[in-house]
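Written out below as structure tokens is the structure these notes cover.
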Amino acid sequence: MSAIRPSRKRSITNIRAQKGGQPIICLTAYNAMMAEILDPHVDLLLVGDSAGTVLHGHDTTIPVTVEELIYHGRSVMRANVKALVVVDVPFGSFEASPEQAHATTTRILKETGADAVKIEGGIAQAPTIDFLTKRGVPVMAHIGLRPQAVRATGGYRIVGKTPEECANLKQDAEAVAAAGAFAVVLEGVVEPLAAEITALIDIPTIGIGASRQCDGQILVTEDMLGMFDRTPKFVRKFANLKQTISEAVKDYTGEARARSFPGDDEVYRGDKRAIPFPVKQSREG
Ligand code: KIV
């Protein structure tokens, strides 16, 4: 049986070609349910290690494991049709050596079927990115505010407030581009610096808390859907799902307690022949 994917599936070549053109639209996804909703609308789905904080109640992304991201990546891939799917490489699974990074990233790609990996780190990770990309592992880099480094940097700090930070970040961007990254996430970077880096390097920049001049944008889906009361300044809430869910749950619990749910039409009376369960459509239609 042919495993050839539909031609509308995005590749890293398509993403690279959007440099300076149509904005590259990205969101995070951790499971098939959400990926199915997002996939038709975005260019890239990131199976981020933010799953640790967003879904699993951790304070940082540091405890997230390779196994957890493989689990989430496999789930996302079951719903993926169009978007390029990128899986984060978690803290502690790649930094020791390019060889360690190669073992981890090839495992992630083989076990999830995803298209690429994302690695946090600039100039220090450039030799690893070079090693991986020369061996067929597509890498998206992530520089600026690096959530995996919060213990080392003393917290979630915006980058680019001093001339030294600006010079370092430009070096990071140039180094990951030269090492073969197909795109780079700029997180928590002051606006003029993000715009300058976008003009400086020849690979797409994907901004989060950065600049609308970036070649693309990414947000954590649950942030932009309003699942949390507190969100960072750079998040725009495009919905208020926390409130919508709370209201729906209040309605359900009220009706179940009052025994007005289930209603007459919501029970099986046994007077008809088999009632078919809904059958899931295959992705190919
Ligand atoms: O883990 C994640 O979701 C990320 C994005 C916020 C860029 O790294």
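The values are calculated or read from the model by the stated rules, or taken from the named source; none is laboratory data. Bear in mind the structure is a predicted one, so any value in this text is a computation, not a measurement. Cβ: placed from backbone, ideal geometry, glycine included. Neighbour counts: every protein chain shown.
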Long-range neighbours under 9 Å by Cβ, at least six apart or interchain, first residue farther than 9 Å from Pro204 by Cβ within the range 15-31, second hydroxyl-bearing (Ser, Thr, Tyr) and assigned to a loop (DSSP other than H, G, I, E, B): Thr28/Ser50; Tyr30/Ser50
Give the residue, chosen from Asp115, Asp202, Asp172, that is surrounded by fewer than 17 Cβ atoms within 10 Å (Cβ to Cβ), modelled with pLDDT of 95 or more and not β-branched (Val, Ile, Thr). Asp202
Single unsatisfied condition, Gly73 versus (1) within 12 Å of the ligand (Cβ to nearest atom); (2) under 21 Å from Leu219 (Cβ atoms); (3) of a type outside the set (Val, Ile, Thr): (1)
What is the residue count in the range 76-88 for residues that are hydrophobic (A, V, I, L, M, F, W, C) and within 12 Å of the ligand (Cβ to nearest atom)? 2
Residues Thr205, Thr231, Thr221: which one is in contact (Cβ under 8 Å) with a residue 60 or more places away in the chain and either under 20 Å from the mean Cα position of the chain (by Cα) or at positive phi (or both)? Thr221
Those residues of the range 218-277 which are more than 23 Å from Tyr30 (Cα to Cα) and touching a Cys at 6+ places or on another chain (Cβ under 7 Å), in sequence order: none
Look at the range 65-105 and say how many of its residues are farther than 18 Å from Thr133 by Cα and of a type in the set (A, V, I, L, M). 8
Single match in Ala178, Ala141, Ala126 (criterion: within 25 Å of Asp202 (Cα to Cα), in contact (Cβ under 8 Å) with a residue 12 or more places away in the chain and either among the acidic types (Asp, Glu) or touching a strand residue (DSSP E or B) at 6+ places or on another chain (Cβ under 8 Å) (or both)): Ala141
Output for the range 105-128, where each listed residue is within 16 Å of the ligand (Cβ to nearest atom) and not in a loop (DSSP other than H, G, I, E, B): Thr105, Ile108, Thr112, Ala116, Val117, Lys118, Ile119, Glu120, Gln125
Can you confirm whether Val81 is aliphatic (A, V, I, L, M) and surrounded by fewer than 18 Cβ atoms within 10 Å (Cβ to Cβ)? yes
Taking the condition of being more than 12 Å from the ligand (Cβ to nearest atom) and loosely packed, with under 15 Cβ neighbours inside 10 Å, how many residues in the range 48-70 meet it? 5
Are any residues in the range 221-245 hydrophobic (A, V, I, L, M, F, W, C) and either surrounded by 23 or more Cβ atoms within 10 Å (Cβ to Cβ) or touching an Asp or Glu at 6+ places or on another chain (Cβ under 6 Å) (or both), and if so, which ones? Val235
Looking only at the range 122-136, decide whether some residue is farther than 29 Å from Glu196 by Cβ and either surrounded by fewer than 20 Cβ atoms within 10 Å (Cβ to Cβ) or in the same structural domain as Pro204 (by TED's automatic domain parsing) (or both). yes
